[in-house]
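The values are calculated or read from the model by the stated rules, or taken from the named source; none is laboratory data. Everything numeric in this text was worked out from a predicted model, so none of it was measured. When we count neighbours, we look across all protein chains shown, and the Cβ atoms used for this are built from the backbone with ideal geometry, even at glycine. Calculation scope for accessible area: heavy atoms of the full protein, side chains included, ligands and nucleic acids excluded. Shrake-Rupley method; radii C 1.70, N 1.55, O 1.52, S 1.80 Å.
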Amino acid sequence: MPPRLSSLDGISAGHTPDGEPVHAAASKGQVEPGGNAEHGRKILLTPASQIRMRPVAWTWTNRIPSGALTVIPGREGIGKSLTLAWLTAQITRGILPGRHHGTPRPVIYAATEDSWSQTIGPRLFAAGADMDMVYRVDVQHDGGFDSLTLPRDCTALGREITRLGVALLAADPLLSLIHSAIDTHRDRDLRTALEPLVNMADRTGCAVVGLAHFNKSASPDALNLITGSRAFSAVARAVIAIARDDDAGDGSCVMSQAKNNLGPLDVPSLRYVVESVEIPTDEGPAYVGKLTITGESDRSVGDILGDSATGTVEDRTERDECADWLKAYLISQGGEAAREDVLKAARAAGFAEATLKRARTRAKVTTTRAGFPSTSIWQLNPAHGT
């Protein structure tokens with residue numbers, strides 16, 4: 001794979017940002033100023049005309065960029081780790097929409113909080129991962145084994161990623177990989193671990209996806225809820241937030257693009273459920289969670305977080321009243337109606353669009369697209385229609 005465009009922060013001794021030897025770059029127009037170098041450091045200036053421009057490559061189209069850091073934050077117990085197992089399975093099977101679709105690729109899975117034999121392995125198996133293409137990562141040190149640590153192991157990790165053609169480094173969670181001496185609540189300190197990781201991803205083209213936790217504060221902005229320094233969301237080029245939608249009534253969760261520096265931010269939110277499945281082991285059956293994406297969601301994580309931050313008993317009552325109205329309206333229309341007609345009728349009945357979106361989930365109304373140009377159709381689920 002051709003080298004990616006690197007930042008000046010990634011310069012190593014004797015090489016340009018694109019990995020070329022200094023003498024080779026100088027022959028292409030790079031300017032090396034005179035004067036004595038301080039402690040072996042020199043300023044190297046590269047004309048922008050000498051830097052190769054390239055389009056963004058996507059590991060997951062418009063959601064997870066290749067060669068960059070993506071963070072997936074959320075609260076405990078909503079399937080963050082299962083999301084990472086699902087991504088791993090999609091990539092090792094070559095079925096994730098993106099640059100590797102049709103070409104299964106290896107994944108390095110760095111996890112420290114759960115047992116590989118009892119939790120991580122069974123989750124990957126249940127998700128449908130090609131287990132021969134998923135690699136647990138350990139570090140041999142002083143005759144023993146240690147966990148992968150950032151930034152200390154970035155260079156060696158990059159060599160293994162290149163050797164195997166790894167498409168995804170999965171960090172579960174990202175915080176656990178950072179050296180214990182680094183204060184993860186201080187922006188400048190955290191960047192000393194994250195920026196070498198980002199530079200390594202840029203050099204190899206590997207996507208890095210790390211899980212993060214939400215703090216306990218109430219905010220509709222997922223980026224403000226990530227535990228630790230703001231550097232987690234600042235250094236990441238993409239953030240995919242997840243949250244449980246209590247209004248759905250079925251325990252389902254939503255994932256939404258909360259940040260996307262390299263692509264569109266208005267990609268559809270996705271809804272998923274977690275199911276318990278049985279898998280075989282040498283010692284008998286085991287039961288683990290499996291994530292299943294059920295389709296797009298009209299409600300985003302921002303909507304859900306906003307409801308949690310400002311919701312009142314009156315809000316919930318209005319939502320329930322709107323849900324009852326919505327079901328009655330769709331029944332009167334034969335079970336379905338165009339979205340614009342529903343919005344118009346809701347406004348006439350005194351319901352705001354935001355309330356209607358919450359009520360749609362509560363009433364278990366599904367959406368499809370039909371016609372040309374396509375129109376969004378709201379349909380009443382027969383199981384909940386009367």
Being surrounded by fewer than 23 Cβ atoms within 10 Å (Cβ to Cβ), not hydroxyl-bearing (Ser, Thr, Tyr) and not in a helix (DSSP H, G or I) narrows 243, 181, 171, 234 down to just 181
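Residues that are under 17 Å from the mean Cα position of the chain (by Cα): which helices (runs of 4 or more DSSP H) entirely in segment 258-355 hold 2 or more of them? Break it down stepwise before answering.
On the way: elements: 301-310, 313-332, 339-348.
The qualifying helices (runs of 4 or more DSSP H) are 301-310.
The rows are residues; the columns are (1) at pLDDT below 95; (2) outside any strand (DSSP E or B); (3) closer than 22 Å to residue 291 by Cβ; (4) open to solvent by 40 Å² or more (accessible area, probe 1.4 Å).
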| position | (1), (2), (3), (4) |
| --- | --- |
| 114 | yes, yes, yes, yes |
| 124 | no, yes, yes, no |
| 129 | no, yes, yes, no |
| 135 | no, no, yes, yes |
| 145 | yes, no, no, yes |
| 159 | no, yes, no, yes |
| 162 | no, yes, no, yes |
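Residue-by-condition table, conditions (1) open to solvent by 10 Å² or more (accessible area, probe 1.4 Å); (2) in contact (Cβ under 8 Å) with a residue 60 or more places away in the chain; (3) in a strand (DSSP E or B); (4) closer than 29 Å to residue 268 by Cβ:
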position: 176; (1), (2), (3), (4): yes, yes, no, no
position: 202; (1), (2), (3), (4): yes, yes, no, yes
position: 220; (1), (2), (3), (4): yes, yes, no, yes
position: 223; (1), (2), (3), (4): yes, no, no, yes
position: 247; (1), (2), (3), (4): yes, yes, no, yes
Let me spell it out: the conditions are (1) closer than 26 Å to residue 280 by Cβ; (2) assigned to a strand (DSSP E or B), and residue 140 meets all of them except one. Which number is the exception? (1)
I'm trying to understand the selection: among the residues of segment 83-111, which are surrounded by 21 or more Cβ atoms within 10 Å (Cβ to Cβ) and of a type in the set (A, V, I, L, M, F, W, C)? 84, 85, 86, 87, 89, 91, 96, 107, 108, 110, 111
Exactly one of these conditions fails for residue 193: (1) farther than 23 Å from residue 291 by Cβ; (2) free of Cβ contacts under 8 Å to residues at least 24 places away in the same chain. Give me its number. (2)
A careful count of residues in segment 250-268 that are crowded, with 22+ Cβ neighbours inside 10 Å and under 24 Å from residue 235 (Cβ atoms) gives 4
Determine, yes or no, whether residue 356 is under 17 Å from residue 380 (Cα atoms), of a type in the set (A, V, I, L, M), surrounded by 15 or more Cβ atoms within 10 Å (Cβ to Cβ) and at pLDDT 90 or above. no
Output the number of the condition that residue 228 fails; it satisfies all remaining conditions of (1) closer than 30 Å to residue 159 by Cβ; (2) at pLDDT 95 or above; (3) of a type outside the set (Lys, Arg); (4) surrounded by fewer than 21 Cβ atoms within 10 Å (Cβ to Cβ). (2)
